[in-house]
Amino acid sequence: MTTPVLRVKSLDSGYAEATVLHAVDFELQQGEIFGLLGKNGMGKSTLLKCIMGFLPKTAGQVELDGLDISGLPPHLIARAGIGYVAQEKALFQDLTVEENIRIGVRDRPIGVALGEIEASFPFLLKRLGQRAGTLSGGEQKMLLIARSVANGSRLLLIDEISEGLQPTMIERVASILINLVEQKKTAVLLVEQNIAFATQVAVRYAVLERGEIVSRGYANDPSAAGNIAGYFSV
Amino acid sequence: MVAQLLDVVSTAAILYAVAAGLLLVFGVMKIINFAHGALLTVGSYAAVVAGQYGLNPWLALPVAAAVGALLGIVIEYFVVRPLYARPLDAILATWGLGIVIGQLLTISFGRGVHFSEPPLRGVVDILAVDYSRYRLALIGVAVVIGVGISALLSRTRLGLDTRAVIMNEDLARGIGINSGRVRFITFAVGSSLAAAAGMLITPLSSVDPNMGTPWLVNAFMLVLVSGSSLVSLAIACVVLGGAQVLVSSYVSPILGGLTIAVLAAIILRVRPQGFAHA
Amino acid sequence: MLEPPGSEAMLSGSALQQTRGRLLPVLAVLLTCLAVVGIAPYLLDTYSVNVLTRSLLYACVALTVDMLWGYMGILTFGQSAFFAAGAYSAGLFFTHSGFGPGTALAALAMGILAAIAMAVIVGWLAFWHGVSELYASVITLVLPIVCTQLLYSGGAFTGSSSGLSGFESIDLSVEAWFWTAGTLLATLTAAAWVFVSSDAGQVLVAIRENEQRCQYLGLDTPRLKILLFVACAVVCAITGYVFACYSMVVSPELAGFVFGTELVIYTVLGGRATLIGPVLATIAVDYESAQLSGDYPFVWKLILGSVFVVVIVAFPRGLLPFVGDLLRRATAAWRGSPRASTADLPIIDVLDPAEAIGTSAGSGAALRLEGVAKHFGSLKVLDGITLTAGAGELVSLVGPNGAGKTTLMRCIADGLERSSGRIEVNGHDIGRSPPEFCVRLGVGRKFQTANVFNTLTVAECLRIARARLDRPSVFSRSRLIRLPPAAYRTLVATGLDQKLDSPAGILSHGLKQALELTMVLALEARVILLDEPTAGLTKEERAVIGSILKDLVKVDGLCVLLVEHDLDFVRQISSRVVVLHQGKILLDGSVDEVVESHLVKSIYSGAGHQAGPT
């Protein structure tokens, strides 16, 4: 049994009055896409921010490849190999494509980094000098993934990347993620409200409701769809 | 006419040198360091002390810069860092520090006025006008400061990290930038620049424990009107500095001293981003 | 103030009693202070009396700093300028026109007028929509600088850097001046205390705490800020006038920002939002400074500055509250637990539907949008939105994330938001009106994340929500809250009526949403905008909200526009559904039409279940 890339143990988090996350417990293996599903306000983004160190935990632990990263500041967690793709304001709009990639790359020459993304994102290499803010919505999301791939992140935390994208674009993102995982054995924690997209790419899933995991299983299980949908309606 | 033009350019240069450090701190940390005036004064006194020991005046520059950096490090660690989440309180606290530093200087040097000799004396003939060599040299110094900071920001790893923190601190942290270190270094550099600028402006007038305050007010009005851009700051210094020179010459020197503050306030009311791009 | 029949008549007796009950202790303290002021000159030496007279007057100015900063959140360095306006008015009149009853009154009037003029200019510069706190404070710093420079440049007229002195003024003994200053301070402090403890004072705190919510409750916050600012300026000017008459010397330092910032320092030391703290701190520090000015002036300022920095970093609420907390903790065991007084519980009075003033329904539909568009640079968030909704309609706005739903809500509630197009509410064009004016036209907006006043209780939140319609008293606190029937029903149905005294910040997520909804309904708006009202609610809570919304439409005849992700909820309660996709209206029709539409299904890549992704 190999060490999971990410292990979240009994995580609690909250503010003075409200517990936002309660006893969240799951793990991710290398080369696995894990779908974390839930509606607005259920705690998905909070969970990612806790893992990244932006929000404090009141209990529990987070381990990366067996190492406890629970108390580390965000920049060290990022350097440890986690690529965080936030839902909003995730790019430096005024910097070029190349600068956005370069900024996240610390331990390798930029040439090597760009080489990593050549296969999956050839169009980005043609637009290195373009200001990131002028790319289309879908292209910006691609750049976000490319940035984390370029610096060799072992684990991607992706927060609602399908939001606002056309179905064709969502398909492209799905195939890129699947390829990425197959070729580089990256692990992906995919936070989503778009069930179809999530179940298409994920191997396993969990549903977060009011800060607690209320259901989990394998995405290709025939009962999965109905099971999940039950949490997304009255 | 030529003299007036040179006055405008040299005034703009001096203002730029004084405000650059404040702009850096404002851009990265989103606060106005109200101790900037006191740091300016510290630099001035460094020049006075160097003069008293008979040192080459230019040597006072690295001394002033070093003292400024040291003070900056202490201030950042003990006062600014704990107030990270309370920016208006941070501004008040740096104002209090300014008072403390001012009083320490008064106790050490007395309330009297001091003078120091300019490192460059004499005049130079420019287009049939005799102009102060030192003021012209200051234009060069301002250019060096501007180019130097820009180069640091655009060509070094630290500079890239700093620009990232200026644009979006949380995003910068999320991709591996140690924003705490950037803030720390920025504040030290900003304080160092303040002290250095203080040393440079000493020969232009006199030194007393409160000389930094009028400069502080002008500097932060210029910074507010420039946003986070060094280029905007340069433009603001030329435009507003020029206005100050003109008002001082044709209306009254006292009202001239108000020009920058009043104009900046009105500009910001009409166009909140000031001289910066949209 | 409108007197609704019935309950208030019964209540008026006890309400009056409450006012009396509140004012009585204040009056008692005031009389005690006046007695102390009366005796003091006979117990102290002349020098101290002189110094204290000055300190007492400075304390009056510090009081205004605390009012503006501690209570309303406006950090002001410039109260010294208004003080100098009154002082220099006296100095100028008495120096150049001699002293007499006529000039005395004229000087006072001019001083007040000058202060008002300056305050209005500063107000125009510093209090407008979207201004940053930093800019507002910077303007209050520039004001005294401008004033001192103008005084310096005034030549012989203003006395330049030496100021004016030796003019004749009101002839009173040292003791009489002390009594004047003391009475002025005590009365002002008492009046300020009554004001901040009143319902109107609560509005100040609400603005400091969450200005945006106040605007969306219809309160014209820029105007309120200017009003308080001008009032404080007048107080400072009067104080300055008294000071000039007493000291018979005015100098430019009185207008300077050093004095202005010293007042801020005293406020920080004494404790923001305590009134007494800054007053005591000013008296203590100013008195001590005078005593030490011969011996160790610089060391004293050094100590003061250091203490100031330490207080800001370590004791942000100030020394008085810190000491107060210590005392409270020390005496807690001795005092025992506080009795919950039932005498102070808020009382809800439900308005007659006929009384609910609300907004006059203009001609035309409740809500009409024509060609509304919004872009950020080249990014088009909304494009050509045209729709009409009438009273008694519950319209649900659905669409994938990023379709522009919240932006549309913002545009309807805030005339400054949209880039182009026309929006009419109840037949009135909202034009470029800021949120507080849109509320007056009849729009109430509930935000996506519960937007209430976390440090105020539920009852206090509701009172703020009613502030536009039920003018809050400036000297008393009413127990009565008048709510329209819809708001009252919501209060009871969600159980909030049992939590009137809870601070809003500790309510559960569902109750916070309910509170915000109640506050919006309290506005008596005709068009209600709800952004994801069911987000984070339990099944039971959702059912309650659903029936409340249905009643709003059926019983109260409101127009409700609702952004929702939960398509089953939408299906149960809506009469109409508008589908938004990439900034444009894709479909606008009945619930069945939209749910059966293939087009809609294709944009929601639904997985087997008709609910689709949410």
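The values are calculated or read from the model by the stated rules, or taken from the named source; none is laboratory data. None of the values given here were measured: they were computed from a predicted structure. Cβ coordinates were reconstructed from backbone atoms using ideal geometry, including for glycine residues, and neighbour counts include every protein chain displayed.
Go through the range A:140-159 and count every residue that is in contact with an Asp or Glu (Cβ under 8 Å, 6 or more places away or on another chain) and either within 13 Å of residue A:121 (Cα to Cα) or at pLDDT 90 or above (or both).
Adding up the residues that qualify gives 3.
Quick check on this structure: which one of C:293, C:251 is polar (S, T, N, Q), crowded, with 20+ Cβ neighbours inside 10 Å, at negative phi and modelled with pLDDT under 95? Steps first, please.
Details: C:293 fails: crowded, with 20+ Cβ neighbours inside 10 Å.
Result: C:251 is the single residue among C:293, C:251 that is polar (S, T, N, Q), crowded, with 20+ Cβ neighbours inside 10 Å, at negative phi and modelled with pLDDT under 95.
This table checks each residue for (1) crowded, with 21+ Cβ neighbours inside 10 Å; (2) over 29 Å from residue A:62 (Cβ atoms); (3) out of contact with any helix residue (DSSP H, G or I) (no Cβ under 9 Å at 6 or more places or on another chain).
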{"position": "A:109", "(1), (2), (3)": "no, yes, yes"}
{"position": "A:117", "(1), (2), (3)": "yes, no, no"}
{"position": "A:123", "(1), (2), (3)": "no, yes, no"}
{"position": "A:132", "(1), (2), (3)": "yes, yes, no"}
{"position": "A:135", "(1), (2), (3)": "no, yes, no"}
{"position": "A:161", "(1), (2), (3)": "yes, no, no"}
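Does any residue in the range C:124-153 that is at the interface with another protein chain (Cβ under 7 Å from one of its Cβ atoms) come within less than 8 Å, Cβ to Cβ, of a residue that is outside any loop (DSSP other than H, G, I, E, B) and of a type in the set (Lys, Arg) six or more places away or on a different chain, and which pairs are these?
C:125/B:269
Can you run down the residue pairs with Cβ atoms below 6 Å, 6 or more apart or on separate chains, where the first is in the range C:500-526 and within 14 Å of chain A (Cβ to nearest Cβ) and the partner is of a type in the set (Asp, Glu) and in a loop (DSSP other than H, G, I, E, B)?
The qualifying pairs are C:506/A:17.
Answer yes or no: is there a residue in the range C:401-419 that is assigned to a strand (DSSP E or B) and either more than 28 Å from the chain's Cα centre (by Cα) or β-branched (Val, Ile, Thr) (or both).
We begin by selecting, within the range C:401-419, every residue assigned to a strand (DSSP E or B); these are none.
Scanning the range C:401-419, I find no residue that is assigned to a strand (DSSP E or B) and either more than 28 Å from the chain's Cα centre (by Cα) or β-branched (Val, Ile, Thr) (or both), so the answer is no.
Show me the helices (runs of 4 or more DSSP H) entirely contained within the range A:89-190 in which 2 or more residues are farther than 19 Å from residue B:163 by Cα. Please lay out each step first, then the result.
Details: elements: A:97-103, A:110-117, A:122-125, A:137-150, A:167-184.
Answer list for the range A:89-190: A:110-117, A:122-125, A:137-150, A:167-184.
Condition first: among the charged types (D, E, K, R) and in contact (Cβ under 8 Å) with a residue 60 or more places away in the chain. Now tell me which residues in the range C:262-297 satisfy that. Walk me through how you get there before you give the answer.
In the first step, residues of the range C:262-297 are kept if they are among the charged types (D, E, K, R); the result is C:262, C:272, C:286, C:288, C:295.
Listed by number, the residues that qualify are C:272, C:286.
Quick one: is residue C:108 assigned to a helix (DSSP H, G or I), assigned by TED's automatic domain parsing to the domain that holds residue C:52 and under 30 Å from residue B:34 (Cα atoms)? Outline the logic, then answer.
Details: assigned to a helix (DSSP H, G or I): yes; assigned by TED's automatic domain parsing to the domain that holds residue C:52: yes; under 30 Å from residue B:34 (Cα atoms): no.
No: the conditions fail for residue C:108.
Among the candidates C:83, C:127, C:157, C:77, which residue alone is surrounded by 14 or more Cβ atoms within 10 Å (Cβ to Cβ) and either β-branched (Val, Ile, Thr) or over 29 Å from residue B:86 (Cα atoms) (or both)?
C:83
Please specify each residue of the range C:554-582 satisfying the condition of being away from chain A (no Cβ under 14 Å), touching an Asp or Glu at 6+ places or on another chain (Cβ under 7 Å) and not in a strand (DSSP E or B).
C:575
Contact list please: Cβ distance under 8 Å, first residue in the range A:118-135 and more than 13 Å from residue A:98 (Cα to Cα) and of a type in the set (S, T, N, Q), second residue at pLDDT 85 or above and loosely packed, with under 15 Cβ neighbours inside 10 Å, pairs at least six apart or on different chains.
A:120/A:179
Suppose the filter is at pLDDT below 90 and either outside any helix (DSSP H, G or I) or farther than 30 Å from residue B:107 by Cα (or both); does residue B:248 pass it? So that I can check it myself, show each step before the final result.
Working: at pLDDT below 90: no; either outside any helix (DSSP H, G or I) or farther than 30 Å from residue B:107 by Cα (or both): yes.
Answer is no for this residue.
Which one of these does residue C:535 not meet: (1) part of a loop (DSSP other than H, G, I, E, B); (2) more than 14 Å from chain A (Cβ to nearest Cβ); (3) among the hydrophobic types (A, V, I, L, M, F, W, C)?
With respect to (1) part of a loop (DSSP other than H, G, I, E, B); (2) more than 14 Å from chain A (Cβ to nearest Cβ); (3) among the hydrophobic types (A, V, I, L, M, F, W, C), residue C:535 is out only on (2).
Considering only the range B:86-106, I want to know if a residue exists there that is surrounded by fewer than 18 Cβ atoms within 10 Å (Cβ to Cβ), among the aromatic types (Phe, Trp, Tyr) and within 14 Å of chain C (Cβ to nearest Cβ).
Scanning the range B:86-106, I find no residue that is surrounded by fewer than 18 Cβ atoms within 10 Å (Cβ to Cβ), among the aromatic types (Phe, Trp, Tyr) and within 14 Å of chain C (Cβ to nearest Cβ), so the answer is no.
Tell me the residue from B:243, B:197 that is more than 30 Å from residue A:78 (Cα to Cα) and touching a Ser or Thr at 6+ places or on another chain (Cβ under 8 Å), please. Don't jump to the end; show me each part of the working.
Numbers: B:197 fails: touching a Ser or Thr at 6+ places or on another chain (Cβ under 8 Å).
That would be B:243, the only listed residue that is more than 30 Å from residue A:78 (Cα to Cα) and touching a Ser or Thr at 6+ places or on another chain (Cβ under 8 Å).
Pairs needed: first member in the range B:20-32, on the phi > 0 side of the Ramachandran plot; second member anywhere, assigned to a helix (DSSP H, G or I) and surrounded by fewer than 24 Cβ atoms within 10 Å (Cβ to Cβ); C-beta distance under 7 Å; at least 6 residues apart or different chains.
Matching pairs, first to second residue: B:30/B:87.
How do the helices (runs of 4 or more DSSP H) wholly within the range B:116-193 filter down when requiring 2 or more residues that are more than 14 Å from chain A (Cβ to nearest Cβ) and at pLDDT 90 or above: which remain? Walk me through it before giving the result.
On the way: elements: B:133-155, B:157-167, B:169-174.
Counting at least 2 such residues, we get B:133-155.
Determine, yes or no, whether residue B:45 is out of contact with any strand residue (DSSP E or B) (no Cβ under 9 Å at 6 or more places or on another chain), at negative phi and among the hydroxyl-bearing types (Ser, Thr, Tyr). Even if it seems obvious, please write down each step before you answer.
Working: out of contact with any strand residue (DSSP E or B) (no Cβ under 9 Å at 6 or more places or on another chain): no; at negative phi: yes; among the hydroxyl-bearing types (Ser, Thr, Tyr): yes.
Answer is no for this residue.
For the range C:281-319, give me the residue count where each residue is under 32 Å from the mean Cα position of the chain (by Cα) and assigned to a loop (DSSP other than H, G, I, E, B).
Residues flagged as under 32 Å from the mean Cα position of the chain (by Cα) and assigned to a loop (DSSP other than H, G, I, E, B) within the range C:281-319 amount to 4.
Out of C:365, C:391, C:373, C:403, report the one residue that is in contact with a strand residue (DSSP E or B) (Cβ under 7 Å, 6 or more places away or on another chain), small (Gly, Ala, Ser), at pLDDT below 90 and within 30 Å of residue A:135 (Cα to Cα). Give the steps one after another, and end with the answer.
Details: C:365 fails: within 30 Å of residue A:135 (Cα to Cα); C:391 fails: within 30 Å of residue A:135 (Cα to Cα); C:373 fails: at pLDDT below 90.
One residue alone meets the criteria, C:403.
Residue-by-condition table, conditions (1) under 21 Å from residue A:208 (Cβ atoms); (2) within 14 Å of chain C (Cβ to nearest Cβ); (3) without any contact (Cβ under 8 Å) to a residue 12 or more places away in the chain; (4) buried (at least 19 other Cβ atoms within 10 Å of the Cβ):
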position	(1), (2), (3), (4)
A:3	no, no, no, no
A:12	yes, no, no, no
A:21	yes, yes, no, yes
A:31	no, no, no, no
A:42	yes, yes, no, yes
A:52	yes, no, no, yes
A:66	no, no, no, no
A:86	yes, no, no, yes
A:91	no, yes, no, yes
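Evaluate the range B:49-71: report whether one residue or more is within 11 Å of chain C (Cβ to nearest Cβ) and more than 26 Å from residue C:262 (Cβ to Cβ). Before the answer, list the steps.
Filtering the range B:49-71 down to residues within 11 Å of chain C (Cβ to nearest Cβ) leaves none.
There is no residue in the range B:49-71 that is within 11 Å of chain C (Cβ to nearest Cβ) and more than 26 Å from residue C:262 (Cβ to Cβ).
Looking only at the range A:24-34, decide whether some residue is in contact with a Pro (Cβ under 8 Å, 6 or more places away or on another chain), modelled with pLDDT of 90 or more and hydrophobic (A, V, I, L, M, F, W, C).
Checked the range A:24-34: at least one residue is in contact with a Pro (Cβ under 8 Å, 6 or more places away or on another chain), modelled with pLDDT of 90 or more and hydrophobic (A, V, I, L, M, F, W, C).
Among the numbered criteria (1) within 20 Å of residue A:38 (Cβ to Cβ); (2) at pLDDT 85 or above; (3) not β-branched (Val, Ile, Thr), which single criterion is violated by residue A:122?
Of everything listed in (1) within 20 Å of residue A:38 (Cβ to Cβ); (2) at pLDDT 85 or above; (3) not β-branched (Val, Ile, Thr), residue A:122 misses just condition (1).
Looking at the range B:251-278, which of the residues that are outside any helix (DSSP H, G or I) and over 26 Å from residue B:27 (Cβ atoms) is farthest from the other protein chains (Cβ to nearest Cβ)? Walk me through it before giving the result.
Step one: filter the range B:251-278 for residues outside any helix (DSSP H, G or I), giving B:251-252, B:271-278.
With over 26 Å from residue B:27 (Cβ atoms) added as a condition, the list becomes B:251-252.
On the way: B:251: 10, B:252: 6 Å.
Per the criteria, the residue is B:251.
Residue by residue through the range A:68-84, note down the ones that are within 12 Å of chain B (Cβ to nearest Cβ) and of a type in the set (A, V, I, L, M). Walk me through how you get there before you give the answer.
Going residue by residue through the range A:68-84, those that are within 12 Å of chain B (Cβ to nearest Cβ) are A:72-84.
The answer is A:72, A:76, A:77, A:78, A:80, A:82.
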